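Visitor: The structure's right below; bear with me while I get my questions together.
Please treat every number below as a calculation from the coordinates, not as lab data. Since the structure is predicted, the reported quantities are computational estimates derived from the model, not experimental observations. Here Cβ is always computed from backbone atoms with ideal geometry, including for glycine, and neighbour counts include all displayed protein chains.
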Amino acid sequence: MPLMKLVCTALERVLLTRPKIIEHMLRMLHQDLVFFRAPEESDLTSDVHEVQVDRIDPLLEWVKSEFGIKPKV
């Protein structure tokens, strides 16, 4: 959720502070849980993995189509 909070803040702040907020957001981006997956082959986490695929993959596809980059998960 830190990424969502930072994105909303960056969009709503005064233009003068926006670059600093975006810079901070980009430094934290690699830590966001969107980029981590539960192991598919584990009995304990296979259901979690399935939910991640169903809910997060469409977001990653949108990022790819909108910005031309494919996030590494």
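Visitor: For the residues Ile69, Ile22, what sequence is obtained by ranking on other C-beta atoms within 10 Å, fewest first?
Guide: On the way: Ile69 9, Ile22 16.
With the sparsest Cβ surroundings first, the list reads Ile69, Ile22.
Visitor: Now, a different point. Roughly how many debye, to the nearest 20, is the charge dipole of the chain about its Cα centre, given +1 on each Lys and Arg Cβ, -1 on each Asp and Glu Cβ, and no other charges?
Guide: Once rounded to the nearest 20, the dipole reads 700 debye.
Visitor: Find me the longest stretch of the chain that has none of the exposed GluC sites (Glu not before Pro), where exposed means in a DSSP loop (not H, G, I, E or B) with at most 14 other Cβ atoms within 10 Å.
Guide: Working: sites that count: Glu40, Glu41.
Counting at most 14 other Cβ atoms within 10 Å as exposed, the longest clean stretch of the chain is 1-39.
Visitor: Another question about this same structure. Before rounding to the nearest 500, sum -39500 (n - 2.57) across all DSSP H runs of length at least 4 in the chain and divide by the residue total; then give [θ] at 222 nm in deg cm²/dmol.
Guide: -19500 deg cm²/dmol
Visitor: A further question follows. Which three extents, in angstrom, do the Cα atoms of the chain have along their principal axes, listed largest first?
Guide: Extents along the principal axes: 49, 24, 17 Å.
Visitor: Loop-only check: which trypsin sites (Lys or Arg not before Pro) in the chain are DSSP coil with at most 16 other Cβ within 10 angstrom?
Guide: Numbers: sites: Lys5, Arg13, Lys20, Arg27, Arg37, Arg55, Lys64, Lys72; in loops: Arg13, Arg37, Lys72.
Filter output for the chain: Arg13, Arg37, Lys72.
Visitor: Over the chain, what relative contact order in percent results from Cα pairs under 8 Å that are six or more residues apart?
Guide: 23 percent
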